[in-house]
Amino acid sequence: MNRNRLGTSGIVVSDLCLGTMTFGSTCDEATAHKIMDRAFEAGIDFFDTAELYPVPPKAEWVFQTEEIVGRWLKNKPRHSIILATKVAGAGHAWFVPPVREGKTALDRHHIRTAVEGSLKRLQTDHIDLYQTHWPDHDAGYEEILETMTELVQEGKIRIAGSSNETEWGTMKAQATAEQCGFTRYQTIQNNFSINNRRFEDALADICRREKIGLLPFSPLGGGVLTGKYNVPEIPDGVRFSYYLKHGEERQKVMARRFVNDKSLATTLELMGVAEKEGITLPQLALTWSKQHDYVPSTIFGINDMEQLEENLKAADLVLSKDALAAIDQISETYPYPMG
């Protein structure tokens with residue numbers, strides 16, 4: 001397992017990160033503990049969660065993922081694990097989170113409230129990487145970064161990062177940190193996959209120049225890049241099947257963004273590339289993500305041990321120049337599959 005630095009910080013992590021957003025919903029606690037044990041045994045020392053997890057976000061499920069991770073973590077040497085979690089963004093933004101009565105905000109009160117809750121549920125005295133789950137651009141960055149700086153000084157977090165951030169927001173945060181002497185965002189956790197390469201348009205250059213590490217989530221395109229949606233009828237029990245059949249309109253819109261004619265056509269072409277490389281489609285997608293110079297670690301989420309074992313094999317893989325060229329050609333043929 002290769003290891004890379006998070007931004008300019010002192011934290012070095014495995015280049016595969018275990019995402020936990022299914023723990024407590026589609027993955028029960030016993031299975032989650034087995035998955036984390038096996039991942040740790042295989043060399044993964046980086047685990048990502050959030051106060052809002054598991055997904056889909058429900059009031060009866062919220063906080064359960066951190067609790068599951070916390071019960072597992074207490075039996076491990078704390079400094080052997082790099083632990084990341086997130087504070088929910090503003091409740092008046094794109095959706096109302098089922099925490100703090102939906103009144104969440106990225107201000108000192110809510111960030112501190114969220115940190116204390118996460119520390120308790122995770123049964124730890126510190127969080128290695130603390131991230132804003134989504135931004136609130138109209139609120140400004142001074143109070144957010146000042147609060148993050150206080151938490152670093154108090155030893156409750158080691159470094160700060162953002163998630164679902166924009167080009168403007170990333171540079172505004174960096175400028176604010178520099179001007180005010182606050183701790184900076186060392187990482188950005190955004191959607192990035194062969195089916196969603198928009199990060200390459202501008203944020204990739206920002207990451208290189210500002211030395212910010214991208215932690216891709218959904219490197220398998222929300223499961224689309226496993227090929228399981230390239231069938232006449234989407235199977236029950238998979239993420240976007242639930243959203244399309246039972247989700248609210250926001251969830252249906254998101255599902256159609258991931259699962260559409262262009263994304264499925266791209267996936268079908270990629271199956272041929274994977275076959276030529278002698279690997280599976282998920283291994284192709286994970287390895288492609290790992291080979292970007294501004295990506296210190298790629299986050300993947302799973303439901304069972306079989307998926308874990310398949311994904312772990314990507315740790316030792318390197319895609320050939322021919323495979324990378326073939327992927328680029330597919331992206332030119334089907335630009336922006338996720339819109």
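The values are calculated or read from the model by the stated rules, or taken from the named source; none is laboratory data. Predicted model only: the values in this text are computed from it and were never measured. Backbone-built Cβ (ideal geometry, glycine too); neighbour counts: all protein chains shown.
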Selection count, region 160-180, where residues are in contact with a helix residue (DSSP H, G or I) (Cβ under 8 Å, 6 or more places away or on another chain) and farther than 19 Å from Ala204 by Cβ
4
Quick one: in region 256-273, of everything that is in a helix (DSSP H, G or I) and among the hydrophobic types (A, V, I, L, M, F, W, C), which residue is nearest to Tyr243 (Cα to Cα)?
Phe258
In the list Lys228, Lys252, Lys276, which residue meets the criterion of being assigned to a helix (DSSP H, G or I) and either of a type in the set (Gly, Ala, Ser) or free of Cβ contacts under 8 Å to residues at least 24 places away in the same chain (or both)?
Lys252
Within region 16-51, residues being part of a loop (DSSP other than H, G, I, E, B) and under 13 Å from the mean Cα position of the chain (by Cα) number 5
Filter region 111-154 down to residues that are part of a loop (DSSP other than H, G, I, E, B), at pLDDT 95 or above and within 18 Å of Cys180 (Cα to Cα), then give me how many there are.
1
Search result, residues across region 298-322 that are buried (at least 20 other Cβ atoms within 10 Å of the Cβ) and of a type in the set (Gly, Ala, Ser)
Gly301, Ala314
Could you list all residues from region 19-60 that are in contact with a Leu (Cβ under 8 Å, 6 or more places away or on another chain) and either buried (at least 21 other Cβ atoms within 10 Å of the Cβ) or hydrophobic (A, V, I, L, M, F, W, C) (or both)?
Ile35, Met36, Ala39, Ala42, Ile44, Phe46, Phe47, Asp48, Thr49
Could you figure out which of (1) over 20 Å from the mean Cα position of the chain (by Cα); (2) more than 20 Å from Asp293 (Cα to Cα); (3) in a helix (DSSP H, G or I) isn't true of Pro235?
(3)
Would you pick out the residues in region 188-225 that are assigned to a loop (DSSP other than H, G, I, E, B), over 14 Å from the mean Cα position of the chain (by Cα) and either surrounded by fewer than 21 Cβ atoms within 10 Å (Cβ to Cβ) or free of Cβ contacts under 8 Å to residues at least 60 places away in the same chain (or both)?
Arg197, Ala202, Lys211
Collect the residues in region 72-109 that are among the hydroxyl-bearing types (Ser, Thr, Tyr) and under 30 Å from Ser14 (Cβ atoms), keeping them in residue-number order.
Ser80, Thr85
Answer with yes or no whether Tyr242 is out of contact with any strand residue (DSSP E or B) (no Cβ under 7 Å at 6 or more places or on another chain), more than 22 Å from Trp168 (Cβ to Cβ), hydroxyl-bearing (Ser, Thr, Tyr) and not in a helix (DSSP H, G or I).
no
Return the residues of region 30-50 that are out of contact with any helix residue (DSSP H, G or I) (no Cβ under 6 Å at 6 or more places or on another chain) and more than 11 Å from Met305 (Cβ to Cβ); say none if nothing qualifies.
Ala30, Phe40, Glu41, Gly43, Ile44, Asp45, Phe46, Phe47, Asp48, Ala50
